């Protein structure tokens, strides 16, 4: 397995931001999701983020909810997530994004062990705060897994510091308040949140929620270490007529986003 941190740091050393692409496991099928994850890598992502479909996704907007419902209806299970991770982990660092309840049901230690065995880099846990993450921190450290916690524009300085102290890999800065979803404009609050994080941690900072184009990726890349894209990629799959078209569309959009993250499409400078 490979930690995400060095990959993000290496991208920044090359004068660009890393691109992290999200898609749910099992959507539209397990094999189909593996093909789509490979399309992300072929298109230029530096890190793959595999979503674990969940029936109560509290911060996910309608696009990702629809994909999760489709995956669950098709019979996707937690064990399928590890198969998907295994398929991409040999090519790029691969994280799992999951709500905490499925991990608890599966067993925290068992989940960490199986994720590590699949070559996974770690977990992004959107509804788990560091104060309540003792079991996960212990299991993750035992299996050398990244722990990625989220912070928001509303987070106070002490909360930013606490989250960063418990993260390994990078800190996930949510650019907007509210649920996920592609947006026409990126968040005006994100640059300030990144600056505040820089005051309390040396860890890389990834910004997610709302990026849907290469131009927006370039804008985020001008101030963040990683650009995280999810809903826009999921939408391309939902809009496709079939898997072949979905793979083509995901590859095309990923290449555009990667170009933005590399600075080939310049976003406005951030002060």
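The values are calculated or read from the model by the stated rules, or taken from the named source; none is laboratory data. Source: prediction; values computed, not measured. Counting neighbours? That spans all protein chains shown, and the Cβs are built from the backbone with ideal geometry, glycine included.
Laid out as a table, the results:
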| read-out | value |
| --- | --- |
| Residue in the stretch 203-212 that is nearest to residue 260 (Cα to Cα), counting only those that are at pLDDT 95 or above and assigned to a loop (DSSP other than H, G, I, E, B) | 204 |
| Answer from 246, 241, 269 - the residue that is farther than 24 Å from residue 150 by Cβ, part of a loop (DSSP other than H, G, I, E, B), out of contact with any strand residue (DSSP E or B) (no Cβ under 7 Å at 6 or more places or on another chain) and at pLDDT 95 or above | 241 |
| Candidates 105, 91, filtered to the one that is within 28 Å of residue 258 (Cα to Cα), surrounded by fewer than 21 Cβ atoms within 10 Å (Cβ to Cβ) and at pLDDT 90 or above | 91 |
| Subset of the stretch 108-127 [surrounded by 15 or more Cβ atoms within 10 Å (Cβ to Cβ) and either assigned to a helix (DSSP H, G or I) or at pLDDT below 95 (or both)] | 108, 111, 112, 113, 114, 115, 116, 126, 127 |
| Exclusive hit being in a loop (DSSP other than H, G, I, E, B), over 27 Å from residue 63 (Cβ atoms), in contact with a helix residue (DSSP H, G or I) (Cβ under 9 Å, 6 or more places away or on another chain) and modelled with pLDDT of 95 or more, set 137, 200 | 200 |
| Tally, over the stretch 1-20, of residues that are assigned to a loop (DSSP other than H, G, I, E, B), farther than 17 Å from residue 217 by Cβ and over 16 Å from the mean Cα position of the chain (by Cα) | 1 |
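Okay, residues lined up against (1) over 23 Å from residue 248 (Cβ atoms); (2) touching a strand residue (DSSP E or B) at 6+ places or on another chain (Cβ under 8 Å):
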{"site": "2", "(1), (2)": "yes, no"}
{"site": "19", "(1), (2)": "no, yes"}
{"site": "26", "(1), (2)": "no, no"}
{"site": "39", "(1), (2)": "no, no"}
{"site": "42", "(1), (2)": "no, no"}
{"site": "50", "(1), (2)": "no, yes"}
{"site": "65", "(1), (2)": "yes, no"}
{"site": "69", "(1), (2)": "yes, no"}
{"site": "80", "(1), (2)": "yes, no"}
